[in-house]
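Notes to accompany the following structure.
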Amino acid sequence: VSWTVTLDTFEGPLDLLLHLVRRQELDIHDIPIALITAQYLAYLERFEQLNLTVAAEFFLMAVTLLQIKARALLPKPPGPEEPEDDEDPRAALVSQLLKYERFRLLAERLGELRESRLRRHAGPCRLSPAPPDKGQEYSLYELMAALSGILAVEVEQPHEVQPEEGSIEEMSDVLLRALERDPAGIALEDLFSIVRGRSRMIALFVALLELVRSGACVVLQRRPFTRVWIQVTGDEQQRGT
Amino acid sequence: VASVSVFSSDPAARTLAPQVVVEALLFVAGEPLSIPMMQAALPEATPQDIKRWVDLLNRSYTEGGRAFEIVEVAGGYQLVTREELDPWLKRLSASRQAGPLTRSAIETLAIVAYRQPVSRAEVEQIRGVDSHSVLRTLMARGVIKVSGRGKGPGRPLLFATTRAFLEQFGLRDLRDLPSEDEVEELVEKSLAQTEDAAYLRGPEVR
């Protein structure tokens with residue numbers, strides 16, 4: 001079964017080309033087409049290895065690059081020529097890259113303006129706690145590197161074949177026992193360390209929902225964005241079904 | 001500074017300086033107030049009066065080391081806190097914070113802002129990628145709108161920025177956009193020889 005990820009923040013072939021040009025400090029007006037084409041195609045291959053859906057535009061660009069290279073290699077046909085044939089076959093592409101780069105920079109400036117605007121607050125505000133830090137933003141290439149790393153580790157792990165285990169009833173027993181040991185409660189993020197295996201984790205979570213519904217345990221959060229705690233309901237109350 | 005007849009209806013207000021009324025209006029409005037909107041409350045004030053009072057207020061904020069400033073945005077004035085206060089205010093509330101824009105969103109928005117009115121095809125020609133969904137996202141966020149239809153085949157929809165765009169980016173109007181020349185210098189080398197300018201340019205913004 002293939003698994004497809006579509007990133008809609010994907011920046012496209014021009015972005016990838018500029019990334020390659022910048023990374024190698026190439027002169028944009030004199031791009032070594034053979035080199036850049038090889039690197040570009042290598043990226044497309046990596047996208048596919050990672051099961052990233054490669055948009056048609058990327059293949060169009062690959063064809064354009066190959067066409068540019070081919071035109072540079074072929075002798076000029078005799079006879080009447082179209083005026084463009086006198087030009088460097090790279091000119092149109094370079095122009096497109098520069099135009100894109102210009103808008104990329106304008107977008108950056110706009111982004112700065114927006115940031116600075118957002119730092120000036122206007123009243124009234126609704127009192128609500130700030131969400132946790134959004135954290136660092138990563139480029140697609142960094143994400144790809146990270147994903148490759150994860151996948152590489154995954155492969156090294158021996159595959160454990162396990163019988164389907166962990167019914168919801170079984171998991172509610174596990175959960176109740178764990179809660180009894182720990183009357184102060186279990187933090188939600190620690191919950192899943194109780195069991196191993198994806199299907200058991202899912203069963204455990206469903207069991208938690210069941211127990212909450214039946215009133216056997218409660219889920220508490222003191223303030224938004226703080227830890228979520230799971231606790232057994234007080235002794236006076238009945239333990240679940 | 002001046003005793004102002006606009007206060008004559010209310011004896012208690014006679015001792016107030018007129019800029020204080022402007023301050024109160026801006027405080028209560030929260031969002032940008034245009035001069036005509038302020039004139040609704042201050043019928044005898046001229047636009048020049050209001051500009052002067054805004055200046056007076058801004059000067060008193062600076063000199064008094066106050067938390068506020070009045071910015072000119074989207075064709076009006078808005079009372080906002082100083083930029084440096086953001087770290088504290090952020091902790092209190094995130095409700096005014098518009099969500100982040102992705103890189104593709106802001107890139108597309110830049111193209112619309114500088115080339116408006118612009119069709120989806122023109123945007124895609126510059127970005128080199130399908131831009132259907134990102135244009136839709138920008139419309140949903142209210143920063144762009146359909147402004148009409150082009151003359152070309154199929155009479156494509158044309159997109160333009162909205163007033164909310166100006167507000168979100170702290171711009172007085174479209175002429176307030178960072179100049180393209182400014183950025184031009186940053187674009188590596190010169191565009192002069194390779195730029196085939198005509199084929200994409202829509203109507204100029206400035």
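Please work out whether the range B:72-160 counts as rounded, prolate or oblate from its C-alpha gyration tensor, where a ≥ b ≥ c are the square roots of the eigenvalues and a/c under 1.5 means rounded, while otherwise a/b larger than b/c means prolate and anything else oblate? Prolate, since a/c reaches 1.5 and a/b exceeds b/c. Expressed as a whole percent, how much of the Cα-Cα distance distribution for the range B:19-97 exceeds 17 Å? Taking all Cα-Cα pairs of the range B:19-97, the fraction more than 17 Å apart is 46 percent. The residues of the range A:192-233 expose on average 65 square angstrom of accessible surface per residue, using a 1.4 Å probe on protein heavy atoms.
If the segment from A:Arg222 to A:Asp173 were pulled out straight at 0.36 nm per residue, it would be longer than the present Cα-Cα gap by 15.0 nm. Within the accessible area of the range B:7-164, the carbon and sulfur atoms contribute 57%, probe 1.4 Å, all protein chains present. Computed from protein heavy atoms with a 1.4 Å probe, the total accessible area buried between A and B is close to 5000 Å². The mean count of C-beta atoms from other chains within 10 Å of the C-beta of residues in B:110-118, rounded to a whole number, is 3. Shielding value for A:93-100 is 6, the average number of Cβ atoms from other chains within 10 Å of each residue's Cβ. The distance linking the range A:12-43 with the range B:72-151 is 29 Å (Cα centroid to Cα centroid, whole angstrom). Taking 0.36 nm per residue of separation and subtracting the current Cα-Cα distance, fully stretching the chain between A:Ala91 and A:Arg196 would add 32.0 nm. Please find the FRET efficiency linking B:Leu92 to A:Lys76, where r is the Cβ-Cβ separation and R0 is fixed at 60 Å, and quote it to the nearest 0.05. After rounding, the FRET efficiency stands at 0.30.
Peptides B:17-27, B:79-89 ordered by packing proxy, namely the average of other Cβ atoms within 10 Å per residue, highest first: B:17-27, B:79-89.
Peptide B:121-128 has a mean of 5 when you count, residue by residue, the C-beta atoms of other protein chains within 10 Å of its C-beta.
The values are calculated or read from the model by the stated rules, or taken from the named source; none is laboratory data. Here the structure is a predicted model, which means the values were calculated and not measured. Cβ sites come from the backbone with ideal geometry, for glycine too, and all protein chains shown count toward neighbours. What goes into the accessible areas is simple: the full protein's heavy atoms, side chains included, and nothing from ligands, DNA or RNA. Shrake-Rupley method; radii C 1.70, N 1.55, O 1.52, S 1.80 Å.
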